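Report on the following structure.
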Amino acid sequence: MPMVTRPQFLPGLPNWSRKTFFALALTFICFAFAFPVLWLILTSLRPESGVYYVHRGTEFTLGNFKEVLSQERIVEAFINSAVISTLATIFSLLVTVSSGYMLSRFTGPASRMWFGTIYIFRCVPYISWVLPLYFVVQSWGIYDTYVGLLLPHIAVHICFFSWLMKGFFDGIDPSMEYAAMIDGCSRWGAFIRVAIPSALPAISALAVLCWLFTWNEFLFALILTGNRVPVITVVMAQFVTEMGLHWNLMAATAVMALLPAFLIALFGQKYVIQGLRI
Amino acid sequence: MFGEQQRFVLLLIAPAALLMLLFQVVPIVIGANASFRDWALYNPKKTWVGLDHYHAVISDPAFLYVVLPNTFIFMVVSVAGALVTGLALALLLNRPFPGQKLVQTILLVPLMVAPVVAAIMIRWIFNDQFGIANVVLEAIGLEGQPWLVQRWSAFCIILLTDIWLWTPWFTLLLLSGLQSLPKEPFEAAAIDGTSTWRVFRYLTLPMLRPVIVVCVVIRAIDAFRTFDIVWTLTGGGPGRSTELFSLYAYVLAFLNLDLGRGSAAAIIGGLIILVLGVAMYRLVDRIAKA
């Protein structure tokens, strides 16, 4: 096999200057990408008196976090968001894994029709069904409750996740399932004991994405909840209008809202990249 | 009534289908019904008005000359911007260099940031009195700008925020795509001494095309219905100059409390994106088969 050299980046320059340029460019890109988050964190650590001149002064404090955590509504919003995201993830996976499996393993009119339905509903803008969803949820008496926010969240994930799940199952050889069925497994047994375990990396990736999407979701929560079930995104958006001047407290809340997402993503990054590679 | 296999198939999709029926189909039907009626709070009879709301929306100059162009400009620029930066970063991350893992983690950060949080950060950075953007501008002798109260600067900031938020999504999917490409054509090109640009233009790009097209289609549909960052950044202002279609429908229904007209606007937008979506699906199908 012949030796292959990669085409050089900026050919013609001496090696060290090319390397320096590359390193500088990388640092700049990373800085530009992380800057908004860094700035937010810095703001959240400044005392009230120093917040308007974040770039000046050296006083730092954790008081903002303490003050935010002493507000009952915000703590409640965090708990609500966490509970709803977790429940929505579990139920979404239950529903979409089986629907994706069906799309992948069966062909025929039923499967084609279901795929068409999913694609069309994926295209429908949220706003077109969230507006009337408000009436539906209200007439069923579940407006501003956990259930009333949870069920639409599960419904909204069906289309995209079934689509992704189909792709994952397409990448898994079905012959193991056939073998299990010949050995006396029922179809359900083959699905639950053979197909699901081999799709586990993909399912974990989906779980991470689902949790993040629900945690970050705004429009549904804005329309479908009132005062009884505050969730964190809505509470933060209200901050902007009601407490426009307390930037330090807002930054502290935002940093805390970022934290679980960071942890989940850090822990789940491996699964997401593996899972999406199929 | 059904064979064993049909029962299995139906049971697999039954929960998903039931949820979609209750929380998507039923609301859409109710919305369609509302769009033909005078569904305002002061009119309990909900009189049938036919296509009046549709006519009102389509002949509303704000919708025709501000909201629709905004939505399309937003969709095109946001998708194109995130695609170009995402592709560039994916190419960068695809070559080994020290610290590659760290850089990759940093570049994926915006993926975890809620759009609402991102909008709050950007609002603070571009605050006209205390934002760091103006501080930097003044430090180098330029005049600070009231960024979010001028139409085009506000629109550019919305676009930049959206591109920042969605670039990692493209990077992630394109990087997976790049890493699954076969190695041989690239080795052959290297032996022939092909320039970097030509390798990109005639090898990487055509081979990556299916992945790019799928990303663009999914993202374009989502960009069309963007709501949260615009709502939190400018609320559609100054005036109504940065309103996108989702905000237009929301304002009609929940601030003007005219649910009939709001639903009509939402359905018009839905139809536009449905036509676009089906057309794009055809395109993907053709490219995937070619």
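The values are calculated or read from the model by the stated rules, or taken from the named source; none is laboratory data. Predicted model, so just to flag it, every value in this text is computed and none were measured. As a convention, Cβ positions derive from the backbone with ideal geometry for all residues, glycine included, and neighbour counts pool all protein chains shown.
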Any idea which of B:W48, B:W39 is touching a strand residue (DSSP E or B) at 6+ places or on another chain (Cβ under 8 Å) and loosely packed, with under 12 Cβ neighbours inside 10 Å?
-> B:W48
Out of all the residues in the range A:71-83, is one or more within 30 Å of A:F191 (Cβ to Cβ) and in a helix (DSSP H, G or I)?
-> yes
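Being within 29 Å of B:L174 (Cβ to Cβ) and either modelled with pLDDT under 85 or more than 9 Å from every other protein chain (Cβ to nearest Cβ) (or both) is true for just one of B:V76, B:V49, B:V66. Which residue is that?
After applying the criteria, what remains is B:V76.
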Within the range A:70-99, how many residues are touching a residue at least 12 places away in the same chain (Cβ under 8 Å) and under 19 Å from A:A251 (Cα atoms)?
-> 6
Is it true that B:A249 is in contact (Cβ under 8 Å) with a residue 24 or more places away in the chain and of a type outside the set (V, I, T)?
-> no
Taking helices (runs of 4 or more DSSP H) that do not extend beyond the range B:40-135, which have at least 1 residues that are under 15 Å from the mean Cα position of the chain (by Cα) and of a type outside the set (K, R)?
-> B:68-94, B:115-125
Determine which member of the set A:L149, A:L103, A:L133 is in contact (Cβ under 8 Å) with a residue 40 or more places away in the chain, surrounded by 15 or more Cβ atoms within 10 Å (Cβ to Cβ), more than 9 Å from chain B (Cβ to nearest Cβ) and assigned to a helix (DSSP H, G or I).
-> A:L149
Answer yes if at least one residue in the range B:194-212 is touching a strand residue (DSSP E or B) at 6+ places or on another chain (Cβ under 6 Å), farther than 28 Å from A:H157 by Cβ and outside any helix (DSSP H, G or I), and no otherwise.
-> no
What's the number of the condition B:F224 fails, among (1) within 9 Å of another protein chain (Cβ to nearest Cβ); (2) over 20 Å from B:F170 (Cα atoms); (3) buried (at least 17 other Cβ atoms within 10 Å of the Cβ); (4) modelled with pLDDT of 85 or more?
-> (2)
Quick one: B:G236 ticks every box in (1) within 11 Å of chain A (Cβ to nearest Cβ); (2) not hydrophobic (A, V, I, L, M, F, W, C); (3) not in a helix (DSSP H, G or I) bar one, so which box is it?
-> (1)
Among (1) closer than 30 Å to B:W48 by Cβ; (2) more than 19 Å from the chain's Cα centre (by Cα); (3) more than 10 Å from chain A (Cβ to nearest Cβ); (4) in contact (Cβ under 8 Å) with a residue 24 or more places away in the chain - the single one B:E243 does not satisfy = (2)
Among the residues of the range B:89-101, which ones are at the interface with chain A (Cβ under 9 Å from one of its Cβ atoms) and modelled with pLDDT of 85 or more?
-> B:L89, B:L92
Check whether at least one residue in the range B:200-222 is over 30 Å from B:Y281 (Cβ atoms), aliphatic (A, V, I, L, M) and touching a helix residue (DSSP H, G or I) at 6+ places or on another chain (Cβ under 8 Å), and report yes or no.
-> no
Identify, from the list A:A190, A:A207, A:A155, the residue that is more than 30 Å from A:F220 (Cα to Cα) and in a helix (DSSP H, G or I).
-> A:A190
Would you say B:G260 is in contact (Cβ under 8 Å) with a residue 12 or more places away in the chain and in contact with a strand residue (DSSP E or B) (Cβ under 9 Å, 6 or more places away or on another chain)?
-> yes
Spot the failing condition for B:G193; the list is (1) on the phi > 0 side of the Ramachandran plot; (2) surrounded by 19 or more Cβ atoms within 10 Å (Cβ to Cβ), and only one is missed.
-> (2)
B:L252 is checked against (1) out of contact with any strand residue (DSSP E or B) (no Cβ under 8 Å at 6 or more places or on another chain); (2) hydrophobic (A, V, I, L, M, F, W, C); (3) under 30 Å from B:P146 (Cβ atoms); (4) within 11 Å of another protein chain (Cβ to nearest Cβ) and fails just one. What number does that condition carry?
-> (1)
A:S111 vs (1) within 11 Å of chain B (Cβ to nearest Cβ); (2) crowded, with 22+ Cβ neighbours inside 10 Å: all pass except (2)
Result of the Cβ filter at 8 Å on the range B:26-39, keeping first residues that are within 7 Å of chain A (Cβ to nearest Cβ) and partners that are of a type in the set (G, A, S), at least 6 apart or interchain, is B:I28/A:S128; B:G31/A:S128; B:G31/B:S263; B:G31/B:A266; B:A34/B:G260; B:A34/B:S263
Taking the options A:I192, A:I120, A:I142, name whichever one is under 30 Å from B:L252 (Cβ atoms), of a type in the set (A, V, I, L, M), surrounded by fewer than 18 Cβ atoms within 10 Å (Cβ to Cβ) and more than 24 Å from the chain's Cα centre (by Cα).
-> A:I142
